[in-house]
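Novice: Pasting a structure here, questions to come.
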Amino acid sequence: MSESKRVLIVGGVAGGASCAARLRRLDESAEIVLFDRGPFVSFANCGLPYYVGKVIKEESDLLVASPEMFEKNFNIAVRTHSDVVSIDREKQEIEVKEVQSGNTYRERYDVLVLAPGASPVKPPIPGIDSLGIHILRTIPDSNRIREWIEEKTPERAVVVGGGFIGLEMTENLANLGLKVTLIEMLPQLLPPLDPEMAEPLTRHIEKKGVAVELDDAVTAFEETDDGSLVVKTKSGRSHPADQVILAIGVKPETALAKAAGLELGEAGGIRVDNSMRTSDPNIFAVGDVIEVRDGVTGVWCHAPLAGPANRQGRIAAASIAGRDMTFRGVQGTTICGCLGVTAAATGANEKRLRQAGVTDYEKVYLHPGSHAGYYPGAKRIHIKLLFSKTDGKVLGAQAVGETGVDKRIDAFAIAIQGGATVFDLEEAELCYAPQYGAAKDPVNLAGMIAANVLRGDLPLADWSQIEETDALLLDVRDPKEYHSDHIDGAINIPMFELRKRFEELPKDREIWVNCAIGQRSYYAARFLLQNGFRVRELSGGIITYWGHYPI
Ligand SMILES: Cc1cc2nc3c(=O)[nH]c(=O)nc-3n(C[C@H](O)[C@H](O)[C@H](O)COP(=O)(O)OP(=O)(O)OC[C@H]3O[C@@H](n4cnc5c(N)ncnc54)[C@H](O)[C@@H]3O)c2cc1C
């Protein structure tokens, strides 16, 4: 019988724990030891904001699996409070420091898996270590925030960072009754979205009472005599706070790997191959510590998400067990809820396509109902779909709304992974009953609109060119809608009068047609095109142009 393989895993949460459990299912003979410097393994980091907000009541609810369970069910040894401080690649050993005693010891490995995650970014801003400034990564972090709230009963919180952790903390603090100011350095919230898609989210949470400060960076935290804080920003503003949450991003924990001379990549993470192997064939790395290929653009990036970390853990386990399984890259499928609005995205956004130098893309906007309009309770979902102009391949999708956002983005995510085109979306057979969807589901509609564009049935105009264009702007909404607000210079012929009045329009000048959401303008464009006019449609209607997305 061959000797059993000794597999040591550093980091016992999403990537590490899933690797350990999967490896045991594939290889009963391996000796598996899981190390984590914290007091827990396999806890739900994604639940932490909701534990702070007391939606999740008990700490124990966050524990997906205990060390005892790993030992008993899977014969996996777990060592918590055990910080792995160095790797000796030549001897194939790691050095472990017991956090509580300070003692160190060495352990030999045949295979080492690095899954240490990513740590919150904490830039050297004056006052950043002041009391009352919290980060959120671990259960102890969340307990510190809960204790602060219980003991100090803060009334005003500043959340720094408008990514998904910042937004989730904003929701939970607001629901606990705190007045929240959310400060973001970029001109938009939630970077996985393009700016115009983040706009409705911003407006919505402002309506719910959150003060959103965009395009402004924190320059200092000052402690006041009464024990509170003042958050100073680049624009010269001062925001008083009884508590600050710092959520300005994470960076891969690469110190161990770097010291051991493993190859790091251009996005700052450990570089691995498709089977999660590092530049050392005996060392694998998974999760937030690695960099990955963007599945759409092929660019290396850092994508700290739980789904990819779990999948990578499984793939590393398969490779260690001698199986052939390859990682497909990350398409960045994310979702975030904040105070009643949901925003989600998958694949590339327009910003990323541009950064990657991709020019072969087109975009459409649509604002369909979450389910059939005749059944009560439908809410609009605002969707942006990006696809290849050449072959119609779906490149990315973003959606914002109150309900039904998740299942549409999941459908787009599968389409992207499978290399589907907008013609496939058009034909996708999706479940429908009036309370769930529509016979033409928003996913089908997105495909139909995009396919219309590619077939030449619906030439598109670009909203960003509207100030410069010489085209005649034609608004086909009803006169009441037109008079309440319209694009400067647009004339109005309502859709219902177009068949009688189309001769008023010029044939020697391009016409850009718009309505409220893009439906009537599509009808108008089809009618005019078939009557010999040169027409382009402004996709998504005037609510796309003004970002007035009703939620
Ligand atoms: C508050 C919060 C909310 C989130 N919400 C979502 C969400 O809704 N959806 C989503 O997709 N993702 C979410 N994420 C991200 C997701 O949790 C991570 O992408 C995922 O956990 C990464 O898994 P990992 O195994 O790489 O690292 P982690 O889960 O961070 O685990 C790394 C572990 O390694 C330990 N460790 C590090 N270095 C050492 C060392 N030298 N020795 C021993 N142990 C070490 C750490 O203590 C840690 O326990 C959230 C993250 C946070 C913090």
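Novice: Yes or no: Pro187 in contact (Cβ under 8 Å) with a residue 12 or more places away in the chain, buried (at least 21 other Cβ atoms within 10 Å of the Cβ) and outside any strand (DSSP E or B)?
Specialist: no
Novice: So, in region 359-385, how many residues would count as being surrounded by fewer than 24 Cβ atoms within 10 Å (Cβ to Cβ) and among the aliphatic types (A, V, I, L, M)?
Specialist: Adding up the residues that qualify gives 2.
Novice: I've got another one for you. Could we say that Met197 is in a loop (DSSP other than H, G, I, E, B), under 27 Å from Ala267 (Cα atoms) and under 21 Å from the mean Cα position of the chain (by Cα) here?
Specialist: On the way: in a loop (DSSP other than H, G, I, E, B): no; under 27 Å from Ala267 (Cα atoms): yes; under 21 Å from the mean Cα position of the chain (by Cα): yes.
The answer is no for Met197.
Novice: What are the residues in region 469-509 that are hydrophobic (A, V, I, L, M, F, W, C) and in a loop (DSSP other than H, G, I, E, B), if any?
Specialist: Ala471, Val476, Ile487, Ala490, Ile493, Leu505
Okay, residues lined up against (1) at pLDDT 95 or above; (2) on the phi < 0 side of the Ramachandran plot; (3) assigned to a strand (DSSP E or B); (4) within 16 Å of the ligand (Cβ to nearest atom):
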site: Glu168; (1), (2), (3), (4): yes, yes, no, yes
site: Thr181; (1), (2), (3), (4): yes, yes, yes, no
site: Leu193; (1), (2), (3), (4): yes, yes, no, yes
site: Phe221; (1), (2), (3), (4): yes, yes, yes, no
site: Asp226; (1), (2), (3), (4): no, yes, no, no
site: Lys232; (1), (2), (3), (4): yes, yes, yes, no
site: Gly236; (1), (2), (3), (4): yes, no, no, no
site: His239; (1), (2), (3), (4): yes, yes, yes, no
site: Val244; (1), (2), (3), (4): yes, yes, yes, yes
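Novice: Next question, about the same structure. Go over the candidates Ser2, Ser29, Ser18 one by one and state the one that is in a loop (DSSP other than H, G, I, E, B), touching a Ser or Thr at 6+ places or on another chain (Cβ under 9 Å) and modelled with pLDDT of 95 or more.
Specialist: Step by step, each of Ser2, Ser29, Ser18 is checked, and only Ser29 is in a loop (DSSP other than H, G, I, E, B), touching a Ser or Thr at 6+ places or on another chain (Cβ under 9 Å) and modelled with pLDDT of 95 or more.
Novice: Go through region 89-127 and give me each residue that's touching a residue at least 24 places away in the same chain (Cβ under 8 Å) and charged (D, E, K, R).
Specialist: Across region 89-127, the qualifying residues are Arg89, Glu107, Arg108, Asp110, Lys122.
Novice: Applying the selection to region 68-87, what residues are in a strand (DSSP E or B) and without any contact (Cβ under 8 Å) to a residue 60 or more places away in the chain?
Specialist: Ala77, Arg79, Ser82, Asp83
Novice: What's the number of the condition Pro304 fails, among (1) touching a helix residue (DSSP H, G or I) at 6+ places or on another chain (Cβ under 9 Å); (2) away from the ligand (no atom under 13 Å from the Cβ)?
Specialist: Of (1) touching a helix residue (DSSP H, G or I) at 6+ places or on another chain (Cβ under 9 Å); (2) away from the ligand (no atom under 13 Å from the Cβ), only one is false for Pro304: (2).
Novice: Which of the numbered conditions does Ser275 fail, given that it passes all the others? Conditions: (1) more than 16 Å from the ligand (Cβ to nearest atom); (2) in contact with a Phe, Trp or Tyr (Cβ under 9 Å, 6 or more places away or on another chain); (3) on the phi > 0 side of the Ramachandran plot.
Specialist: It is condition (3) that Ser275 fails.
Novice: With Gly102, Gly132 as the choices, which residue is surrounded by 13 or more Cβ atoms within 10 Å (Cβ to Cβ), at positive phi and of a type outside the set (S, T, N, Q)? Before you say what the answer is, go through the steps one by one.
Specialist: Numbers: Gly102 fails: surrounded by 13 or more Cβ atoms within 10 Å (Cβ to Cβ).
One residue alone meets the criteria, Gly132.
Novice: Among the listed residues Pro116, Pro120, Pro126, which satisfies the condition of being under 21 Å from Val250 (Cα atoms) and either surrounded by fewer than 17 Cβ atoms within 10 Å (Cβ to Cβ) or more than 14 Å from the ligand (Cβ to nearest atom) (or both)?
Specialist: Selected residue: Pro126, the only one of Pro116, Pro120, Pro126 that is under 21 Å from Val250 (Cα atoms) and either surrounded by fewer than 17 Cβ atoms within 10 Å (Cβ to Cβ) or more than 14 Å from the ligand (Cβ to nearest atom) (or both).
Novice: Please state which of the following conditions Gly163 fails to meet, knowing it meets all the rest: (1) out of contact with any Asp or Glu (no Cβ under 6 Å at 6 or more places or on another chain); (2) modelled with pLDDT of 95 or more; (3) surrounded by fewer than 19 Cβ atoms within 10 Å (Cβ to Cβ); (4) under 25 Å from Leu131 (Cβ atoms).
Specialist: For Gly163, the exception is condition (3).
Novice: Are any residues in region 491-511 under 13 Å from Asp475 (Cα atoms) and out of contact with any helix residue (DSSP H, G or I) (no Cβ under 8 Å at 6 or more places or on another chain), and if so, which ones?
Specialist: Hits for region 491-511 are Ile491, Phe496, Glu497.
Novice: Residue under question is Tyr51, and the condition is that it be more than 9 Å from the ligand (Cβ to nearest atom), surrounded by 20 or more Cβ atoms within 10 Å (Cβ to Cβ) and over 25 Å from Ala257 (Cβ atoms); does it hold?
Specialist: yes
Novice: The conditions are (1) within 12 Å of the ligand (Cβ to nearest atom); (2) in contact with a helix residue (DSSP H, G or I) (Cβ under 8 Å, 6 or more places away or on another chain); (3) within 25 Å of His134 (Cβ to Cβ); (4) of a type in the set (A, V, I, L, M, F, W, C), and Val99 fails exactly one of them. Which is it?
Specialist: Failed condition: (2).
Novice: Which numbered condition in (1) of a type in the set (Lys, Arg); (2) buried (at least 18 other Cβ atoms within 10 Å of the Cβ); (3) more than 9 Å from the ligand (Cβ to nearest atom) is the only one that Arg108 fails?
Specialist: Among (1) of a type in the set (Lys, Arg); (2) buried (at least 18 other Cβ atoms within 10 Å of the Cβ); (3) more than 9 Å from the ligand (Cβ to nearest atom), the lone unmet condition for Arg108 is (2).
Novice: Related question: Among the numbered criteria (1) under 22 Å from Lys480 (Cβ atoms); (2) of a type in the set (A, V, I, L, M); (3) within 40 Å of the chain's Cα centre (by Cα), which single criterion is violated by Leu529?
Specialist: Of the numbered conditions (1) under 22 Å from Lys480 (Cβ atoms); (2) of a type in the set (A, V, I, L, M); (3) within 40 Å of the chain's Cα centre (by Cα), the odd one out for Leu529 is (1).
Novice: Also, I was wondering about something else. For region 82-136, name all the residues that are charged (D, E, K, R) and more than 27 Å from Ala317 (Cα to Cα).
Specialist: Lys122, Asp129
Novice: Quickly run through region 472-484 and pick out the residues that are touching a residue at least 24 places away in the same chain (Cβ under 8 Å) and surrounded by fewer than 19 Cβ atoms within 10 Å (Cβ to Cβ). Give the derivation first.
Specialist: Kept after step one, since they are touching a residue at least 24 places away in the same chain (Cβ under 8 Å), are these residues of region 472-484: 472-477, 481.
Result: Leu472, Glu481.
Novice: Considering only residues of region 280-289 that are surrounded by 17 or more Cβ atoms within 10 Å (Cβ to Cβ) and more than 17 Å from Ala303 (Cα to Cα), which is farthest from the ligand (Cβ to nearest atom)?
Specialist: Asp280
Novice: Given the conditions (1) modelled with pLDDT under 95; (2) part of a strand (DSSP E or B), report the number of the one that Ala65 does not fulfil.
Specialist: It fails just one condition, (2).
Novice: In addition: Go through (1) at pLDDT 95 or above; (2) over 29 Å from Asp110 (Cβ atoms) one by one and return the number of the condition Ala316 breaks.
Specialist: Result: Ala316 fails condition (2) only.
The values are calculated or read from the model by the stated rules, or taken from the named source; none is laboratory data. All values reported here derive from a predicted model rather than from experimental measurement. A quick note on method: Cβ atoms are made from the backbone with ideal geometry, for glycine too, and the neighbour counts reach across all protein chains shown.
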